[in-house]
Amino acid sequence: MHCTRKVLEDLIWVGADDRRLACFEGVYGVPDGVSYNSYLMIDEKTVLFDTVDKAVSQNFFENIAFALDGRTLDYLVITHMEPDHAATVKNLVLRYPGVKIICNAKIKTMLAQFFEMNLEDNTVVVKEGDSISVGRHELSFVMAPMVHWPEVMMVFDKTDGILFSADAFGTFGALNGRLFSDETDFFNENLDEARRYYTNIVGKYGPQVQAALKKVMPLNIKFVCPLHGFVWRKDFEKYLEKYLLWSSYAPEEKSVMLAYASVYGHTENAANIMAKLLVERGVRVRMYDTSVTPASYIVSDAFRCSHLIFASTTYNAGVFVTMENLLRDIAAHNLQGRKIAILENGSWAPTCGKLMRDILTPLKNTEFIGENITIRSSAKDSQLAEMEALADAIAADIR
Ligand code: FEO
């Protein structure tokens, strides 16, 4: 049986939740699941906005059949070819062979790459600023390259002020019966997962996100329909503010994100001492063991916090594996404008501090606070002054 919801009388959500997926994109744990959103517009023409991941295709096709109510499907608009939204395109075309695909030239190229079927006669190629009338609704097209694939475009329905925003403004987490962001306590309950989604999926492309936002912000937006998570009909400006912040790499908080990698607990002890010294100075600390917390959560808080401390043991003459993975992930996501301090440990050759600096030095507008603090096997009372000096410097900077 169908499980649909109305965004408006003539716009129906026909997507589905997936709560069994272990790793989104093969990397990001989604303990609260994820939704794949697709929307069907019922007008003189019927228009489907994107499809879904193959995992939920059965629900999706039941939903479409219900929402079409005996009509055929006239148009499929593809805003993004990543398979979590486009895997079902071929199956859709086989079920509705008369459907015309509205897409841009890059999407058309990718369609041919992903699917071995001749869609040449089925496609309508649009470009920036084009409009198509489907009856009462007039759809215009806004290219949003690298948010977060090169072919991405957004669609603005000028008639009812609906922005189909592709992956932008999405979030991890199943909808669980809800559809609108005002049906949950979004900024208390869902913002962390929205941040983790943005920073890990799109975070590398801040300038491209800013360019897309600049194009859509002047539009008279009343609804935002992303491909994951909630539809926005209220308080969208508050969420937009977060996107402006995240995409500019400005921290949300004057606080410390402290991540450590420790084999036998001595580096962890040094990290605990650093955290305590900071808290005693009134600094908020968000602390993670890189061997316990998946990197995506730590990357998310690295975007959130103004100051970062990394503490690692030396391992195989390098950086401990979970710390190295984290640092490379942070560098790959283009984080910038942070102040960073480093602690290294090593029983015979503590060399990881320099290697950690080498990974982080290319980050734009990033400063290191002081020299690396070096621990030999375990932190000693004689090193307390050095650690207190670092805590003083960070606390002074944050104040
Ligand atoms: Fe949700 Fe970029 O796909």
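A few remarks follow.
- Derived scalar couplings ³J(HN,Hα) [region 379-384; Karplus, 6.51 cos²θ - 1.76 cosθ + 1.60; whole Hz; x for Gly, Pro]: 5, 10, 3, 5, 9, 4
- In order through region 122-136: 3J(HN,Hα) via Karplus (6.51 cos²θ - 1.76 cosθ + 1.60), integer Hz, x for Gly, Pro: 9, 9, 10, 8, 10, 9, 3, x, 5, 10, 9, 8, 10, x, 5
- Lys, Arg +1 and Asp, Glu -1 on Cβ, resulting dipole of the chain about Cα centre, debye, nearest 20: 460 debye
- For the residue pairs K90/K158; K45/K127; K204/K339; K6/K90, alpha carbon separations beyond 23 Å are given by K90/K158; K6/K90.
- Counting only alpha carbon atoms, the long axis of helix 206-216 and the longest principal axis of the chain meet at about 40°.
- Accessible surface, per residue, of region 87-204 when the full set of protein chains is kept, probe 1.4 Å, Å²: 38 Å²
- Between helix 105-114 and the chain: long-axis angle, C-alpha atoms, 0 to 90°, nearest 10: 80 degrees
- Backbone HN-Hα couplings from phi across region 295-308 [Karplus 6.51/-1.76/1.60, Hz, Gly and Pro as x]: 4, 4, 6, 6, 4, 4, 6, 5, 6, 6, 9, 7, 10, 10
- Near the amide H of F368, within less than 5 Å, lie the amide hydrogens of I340, all on another chain or at least 5 residues away, with H placed in the peptide plane.
- Note on the chain: helix-only mean residue ellipticity at 222 nm, from DSSP H runs of 4+ residues weighted -39500 (n - 2.57) and normalised by residue number, equals -9500 deg cm²/dmol.
- Beta bridges by DSSP in the chain, antiparallel share as percent, to the nearest 5: 45 percent
- Heavy atoms of Y75 accessible to a 1.4 Å probe, total area in Å² rounded to 10: 40 Å²
- On Cα atoms only, tilt of 236-248 relative to the major axis of the chain in degrees: 50 degrees
- Amide hydrogen proximity for Y39: with H placed 1.01 Å from N in the peptide plane, the residues at 5 or more positions away or on another chain lying under 5 Å are V14, F49.
- Taking amide H as placed 1.01 Å from N in the peptide plane, I101 has its amide H under 5 Å from the amide H of L76, T123, V124, each at least 5 places away in sequence or on another chain.
- The trypsin sites (Lys or Arg not before Pro) of region 68-144 that DSSP puts in a loop, and whose beta carbon has at most 15 other beta carbons within 10 Å, are R71, K127, R136.
- A straight Cα-to-Cα reach below 12 Å connects K215 with the aspartates and glutamates E128, residues fewer than 8 places away in its own chain not being considered.
- Heavy-atom accessible surface of region 139-189: percent carbon and sulfur, 1.4 Å: 49 percent
- Selection from V34, A331, V134, by position along the positive dipole direction of the chain (Cβ): A331
- Across the chain, the relative contact order, built from alpha-carbon pairs under 8 Å that are at least six residues apart, equals 11 percent.
The values are calculated or read from the model by the stated rules, or taken from the named source; none is laboratory data. Computed from a predicted structure; not experimentally measured. Virtual Cβ from ideal backbone geometry, glycine too; neighbours counted across all protein chains shown. Note: areas computed on protein heavy atoms with side chains; ligands, DNA, RNA excluded. Shrake-Rupley method; radii C 1.70, N 1.55, O 1.52, S 1.80 Å.
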